[in-house]
Every structure is written in structure tokens, then in C-alpha cells.
1. Could you tell me the largest-minus-smallest coordinate of the C-alpha atoms of the chain on each of the three principal axes, in descending order and whole angstroms?
2. Using Cα pairs closer than 8 Å and at least 6 residues apart in sequence, work out the relative contact order for the chain, in percent.
3. Rounded to whole Hz and in sequence order, give me ³J(HN,Hα) for the range 21-29 from the Karplus expression 6.51 cos²θ - 1.76 cosθ + 1.60, θ = phi - 60°, writing x for Gly and Pro.
4. Which of the lysines could be linked to residue 360 by a straight reach, that is with a Cα gap under 20 Å, when you skip same-chain ones fewer than 8 residues away?
5. Within the set of other residues whose C-beta is less than 10 Å from the C-beta of residue 129, count the net charge using Lys and Arg as +1 and Asp and Glu as -1.
6. Just need the relative contact order of the range 1-139 here, percent rounded to a whole number, with Cα pairs under 8 Å and 6+ apart.
7. Percentage of Cα-Cα pair distances in the range 92-229 greater than 24 Å, rounded to whole percent?
8. Could you rank the peptides 91-100, 213-222, 230-239 by their average count of other C-beta atoms within 10 Å per residue, with the highest value first?
Amino acid sequence: MYMDYEKIAKFLVELRSEKKLTQEALSKVLCVDRGTISKWERAVYLPSIEMLVKISEFYDVTVNELVYGARKTKDNAKDVDNVSIAVMKENVRKVRKLTIFFSTIIFLLIAIMPFIYFFSNYNSIKVYKIGGESEHFNTYEGVMIVTKKNSYIRLGDIVSFNDSDKITETRLYYKNGDKEINLRNRENMDDLIVNKYGYDEYFSYRDVDKFMDNLYLEVKNDEYNENIKLHFTEVESNDDFVYTLNNNVSDDESSNVIDDDIPKYVRDNFKYDSDSKSYVYEHKDGDTDVMETYSDSIDLYFVCEKNTTNNSEIQYRINLQNKNLSFKIIENGNITSSFNFDINENKCKTSNCNGNFLEKFMNNYWKNLEIN
């Protein structure tokens, strides 16, 4: 038999009103929360069988009348008498069965989702180094990143084995059967290639290996025209089940991990100092100890020249963002000379700027960074 939840809820409200009780007062009588009373009377759910018995005794009605949703009269006597606890048990059983079913489904989905995500993304990101050489030319330090969504390619340096041979033309292309697909030329060789699968793509995700097997670089100068078949070496992939932080990297290893965006002069000569979080290069110039410091995190380049013979120190400090140069000479712990110079405006910002020291900085240090 179908139970009319709304009818039962209204009957419960009617019975409480007859007693002139608030939901709060009734909750104390029945030893339940006021919110529970509210949910019964809004037909959110019905009281348990045990609670129906308790309610029927309190309101002096039968359980059948509660389940029917009205007091027994001559007109509805037959219907009320036919309502039994069995009907409610059946409904409760169905509700519990559905609750268990949907709870199980939700639990399984929650439990399975991480595995679906893991296996769909496991080993889905790979990083390759790109290089290759011909008889007279060489390219190195290129990189390709492959994901299931996009691929990213950027070539590294392209050089001639003979420094006097000037490269005049380069072309990166992909052989697809008899067809050559041009990807980059000399004018835009340094640009990042982004291959979006399914949208104006050079190759699809399933053809990544084929693409790597058929990628070439054409290099020309006044004397030679050669094609380099590029080689790919996998250096990283997300194929570990558990990732752990390696804190046992040696100083030599950590000093060599320098971002490609750092100027080449810094990459080739500086070592990373983890304490100062900057790159440091210490060397000598005659009797002078020179320490150069480059920090990309705070946009600072600092040069300190120390002469232990006369206990003097020359400092050049430049902000890499606004190109403001600060100069100081320190002798026996005292600043004896200083000036500020704006490289962008080529203008002295103080009363006097020493041209000799400025020229020395520009020629000996600043030009090495190749920062415009």
C-alpha cells in the first residue's frame, strides 16, 4: 500500500497543534531534536516504527491512524484498519535498499576515480632533449615536452664547427611521406612550437614517435647546405608510482641545474648558491678578487672587486628591471666615491659619474650578460 507522506506530515502538524505545543516542546517530550520534528512535519522523512508507537501513545491515536494520515471515522474505517505496520516496514525496507544501493555506487565512484585518473595520466608527460649534427654543423640543448593534450618544441643552439663559418639560413621541417612540412625558419627558429592535437595539428598524439623519427634541420652557410636528422633522448617522464624528494644532490649537481632563461654567460660560468638563492662566479683579475652575483629572483646583478693589497673594494650593483646602476668605492671601510647611472636613458642620476669606471663595467661585465 502506498503511504502518502504529505498527508501523514499534515496529520502530525494537526496533532501537535491540538496539543498547543511548539516543535521545541514536542522534541523534549519525544527526546528528539527539534530539527527531526521539523523534517517529519515537512515530509522529508517519517518517524521510525518505534517512534510512531511513542507518538501514537502521546497523541492517543493508533499507529494505523498515523500511517493513514487521519483519525478513524465511519467513512474511512475500512481503509484505516487495512493499514498495517507491514506496509511501513516494506516502505522502509525499500528506502533502505535504495539508500544502500546509491551509497555503494557513490562509494565505488569515489574509490575508482583516483585509479582512473592515475592510469589515464600515468606516463603521459615526457620530456626529451633534442640534438643532432652533420659534417659541419651541430645543434644541442633543444627540448620537446609531450603531453596527451599538447606537444611543445623548442630548438637549442645551432652552431658551426668552424667559428668562422657564418650560418645564413636554417629550416626545421617534418617529413610526412614524400611531403615536407615546414615548422620554423631562421626568422622564428627560437619561437616555441605548440602542437595542439586535433586543432591545426602538425601531428597527432598517436604519431608522436613517427614525428620524432622524421624531424630534420636544414642548415646553410655560404659554402655548405646540410640536413641534420634530429635525435631525441628521453630525460624525464611521470612514470613513478611514488615521487620522493631527493635531498642528496651533490653541490656539483645542484650548481649545474640552471634555467635556460638565465643568460648564457651565467649558465657557462656561474654556480648556484642555495644559501643566497643566487648564481655566483668567483675569479681573479691580476691582484683583484672578483665576485659576480646574479639573482633572477630579485632581478639583481652585483660585481665586487676586492684588492687586498690596498684594502679597497669596488662595487657595481644593477637592477635588471630598470637598468639602474649603483657604483661605490670603499676604502678601509669608508665609501670614498659613488654614483648612480641609468643605462636605459644613458644618463647620470647623480652630480657626477666616473666615465672610466662606467666604461669598465659596460665592457668587462655588462656586455657578457647580453641583456638589451
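1. For the chain, the Cα spread along each principal axis is 117, 71, 41 Å.
2. 8 percent
3. Working through the residues one at a time gives 10, 7, 4, 5, 5, 5, 4, 5, 5 Hz.
4. Those lysines meeting the cut-off are 284, 306, 323, 328, 347, 349.
5. -3
6. In percent, rounded to a whole number, it is 22.
7. Beyond 24 Å sits 48 percent of the P(r) for the range 92-229.
8. Output ranking for 91-100, 213-222, 230-239: 213-222, 230-239, 91-100.
Coordinate-derived values only; no laboratory data. Predicted model, so just to flag it, every value in this text is computed and none were measured. Counting neighbours? That spans all protein chains shown, and the Cβs are built from the backbone with ideal geometry, glycine included.
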